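One structure is given here, and the rest of the page talks about it.
The values are calculated or read from the model by the stated rules, or taken from the named source; none is laboratory data. Note that the structure is predicted; figures quoted are calculated from it, not measured. A quick note on method: Cβ atoms are made from the backbone with ideal geometry, for glycine too, and the neighbour counts reach across all protein chains shown. Just so you know, the surface numbers come from the protein's heavy atoms only, side chains and all, with ligands and any DNA or RNA stripped out. Shrake-Rupley method; radii C 1.70, N 1.55, O 1.52, S 1.80 Å.
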Amino acid sequence: MDRTGWKPFLERWSEEWQIANPAEEPDADPWLGFPPASPEEVEALERRLGCALPPSFREFLLVTNGWRNAGNFVWQLRNTDEIGWMRDLDPFMAELYDDRDDYADEGAALARSLLISLEADAGVVFLDPGDVDERGEWAAYDMFSWTASGPDRYDSFYDKMDDFYAGFHALDRPQCETQRTWDAKVEQARLASLAGEVDQPLTVLKEASRFGRDRADVLLFQMSAILGHADASNRFEHLLGRGHHLSWPLDEDLFTAEILPFLFAQHGRARNRGTGSAVTRLMKYGSDRVQQLIADYRRRAAEPGFQARFGNPEFDTAVRAVLADPAHDDAWPLLREALSTWRPMSEDHLVPITLLADPRTARLITPERGREILAMRRG
């Protein structure tokens, strides 16, 4: 990222920050940065450090000598006069892992790192001159004591700033063109998935999720579940928790008919293992409406003769016919054929994950077959 790239990116970020955090004076300059550092100031910094700065960070300083609100937990980045080695500016942090063999690599990075954050919420942002790629970019890290984990690594300073920018969108949700662009990309990914594409929609949805587009998480959950990803249900826990303001209305019919049967199947397996589940946590920490939907489902599931439907009537009938046929030891080819009758119940519905809620059909769907389902043109 050079100056011609940094400038419009940072201007857009500044304008969107003001949308989410209106200034008391409407005509106030939205720019979150400072005047640019001069080439002489950057060269003086490099002489003081005894090395050349990584390209993306050097170019950044020539656009703005410091930055405010780099992330929701990083309030200011240092300027050329304030940047320095961690060992000189924060010896305690530089030696944090000296006695931890399990964090030997992280400790070495901290000890030699360049501290670039000035004010943060019990954390630091730093660059590692010992981890350099073929472009001359240094790995960038952030670390916050309240996460109870080690430093998070990024390939470059630009990658770290891009992550901060996405995090700002995910938390502050500014109503702006960037959000509308991601919503359009999510819709395109949905249509591509239904047409049988797999990897490209996954990539787009993961990126949209970083920007706080909750619909992307709803769609990504379904794709991850059918692919056998063990952490698929984690996406719903943060979406449906108390206090989370959805950027997309919750599809309650889809949640009740498709997602809850899947989550309750996971809940049963977790209970047998003596571990927690998404259902357990949502019953405790979910929004009031989510807790009500879970309670209603539990009541219906306890009624005699209850059975969850596999989907639309034609598909439900076809699946039950497959399960009722005792002549086939391997019912997968028949189930695959039955999938031609499946139809989505709404525009948020990508794949029949209720197949994973019944042990008879769930055992037929390996991760490879889940990918095969996603590769079919559906609905």
- Message: I'd like to know which of Leu114, Ala192, Thr361 lies farthest towards the positive end of the charge dipole of the chain, counting +1 on Cβ of Lys and Arg and -1 on Cβ of Asp and Glu.
- Response: Thr361
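Which shape class, rounded, prolate or oblate, goes with the stretch 175-249 when its Cα gyration tensor gives a ≥ b ≥ c as root eigenvalues, a/c under 1.5 marks rounded, and past that a/b bigger than b/c marks prolate? Present the calculation step by step, with values, prior to reporting the outcome.
Working: a/c = 2.26, a/b = 1.07, b/c = 2.11.
It comes out oblate by the Cα gyration axes.
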- Item | For the stretch 166-213, accessible area per residue (1.4 Å probe, heavy atoms of protein chains only), Å² | 44
- Query: Taking every eigenvalue of the Cα gyration tensor of the stretch 282-327, multiplying by 5 and rooting it, what semi-axes result, largest first, whole Å?
  - Reply: 31, 12, 9
- Task: Tell me the label-point distance for the pair Arg320, Thr280, using the 7 Å Cα-to-Cβ offset, in nm and rounded to one decimal.
- Result: 3.3
- To the nearest 10 square angstrom, what accessible area does Trp75 show with a 1.4 Å probe? 110
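Compute the orientation-averaged projected area for the stretch 1-66 from the convex hull of its Cα atoms and round it to one decimal in nm². Before the final figure, lay out the partial values.
Numbers: hull surface 20.0 nm².
Approximately 5.0 nm², given one-decimal rounding.
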- Note on the structure: Across Asp98, Asp142, Asp163, the residue with the highest GNM fluctuation in the chain (Cα network, 10 Å cutoff) is Asp98
- Treating the Cα atoms of the stretch 59-99 as identical point scatterers in vacuum, please give the log10 of the normalised Debye intensity I(q)/I(0) at q = 0.14, 0.16, 0.18, 0.27 Å⁻¹, two decimals. -0.44, -0.55, -0.66, -0.94
- Whole-Hz couplings from phi, Karplus 6.51/-1.76/1.60, listed for the stretch 52-64; x for Gly and Pro: 7, 6, x, x, 5, 6, 4, 5, 4, 5, 6, 9, 8
- Query: Taking the convex hull of the alpha carbon atoms in the stretch 243-379, what volume per residue do you get, in Å³?
  - Reply: 138
- Label-point separation in nm, Tyr103 to Lys206, each point 7 Å along Cα→Cβ: 2.7
- Query: If you roll a 1.4 Å probe over the heavy atoms of the protein chains, what accessible area per residue do you get for the stretch 93-145, in Å²?
  - Reply: 46
- Which of rounded, prolate, oblate describes the stretch 206-297, given a ≥ b ≥ c as roots of the alpha-carbon gyration tensor eigenvalues and a/c under 1.5 marking rounded, otherwise prolate only if a/b is larger than b/c? oblate
- Under the Karplus relation with 6.51, -1.76 and 1.60 and θ = phi - 60°, whole-Hz ³J(HN,Hα) for the stretch 4-11, x at Gly and Pro, equal 5, x, 4, 4, x, 4, 6, 5
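Using the Cα atoms as the points, what is the convex hull volume per residue of the chain in Å³? Provide the component values of the computation, followed by the final result.
Values: hull volume 67.6 nm³, N = 379.
Value for the chain: 178 Å³ per residue.
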- Heavy-atom accessible area of the chain with neighbours in place, 1.4 angstrom probe: carbon+sulfur share in percent works out to 50
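For the chain, what is the mean residue ellipticity at 222 nm derived from helices alone (per DSSP H run of n ≥ 4: -39500 (n - 2.57); sum divided by total residues; nearest 500 deg cm²/dmol)? Intermediate results must be reported in sequence, preceding the final value.
On the way: 18 runs with 185 residues, N = 379.
The helix contribution divided over the chain gives -14500 deg cm²/dmol.
Can you work out the accessible area per residue across the stretch 320-375, with the rest of the protein chains kept in place, probe 1.4 Å, in square angstrom?
On the way: 2790 Å² over 56 residues.
Result: 50 Å² of accessible area for each residue.
Decide, for the stretch 15-172, between rounded, prolate and oblate: order the square roots of the alpha carbon gyration tensor eigenvalues as a ≥ b ≥ c, take rounded if a/c falls under 1.5, and otherwise choose prolate if a/b is larger than b/c, else oblate. Mind showing how you got there, number by number?
Values: a/c = 1.95, a/b = 1.31, b/c = 1.49.
Oblate, since a/c reaches 1.5 and b/c is not below a/b.
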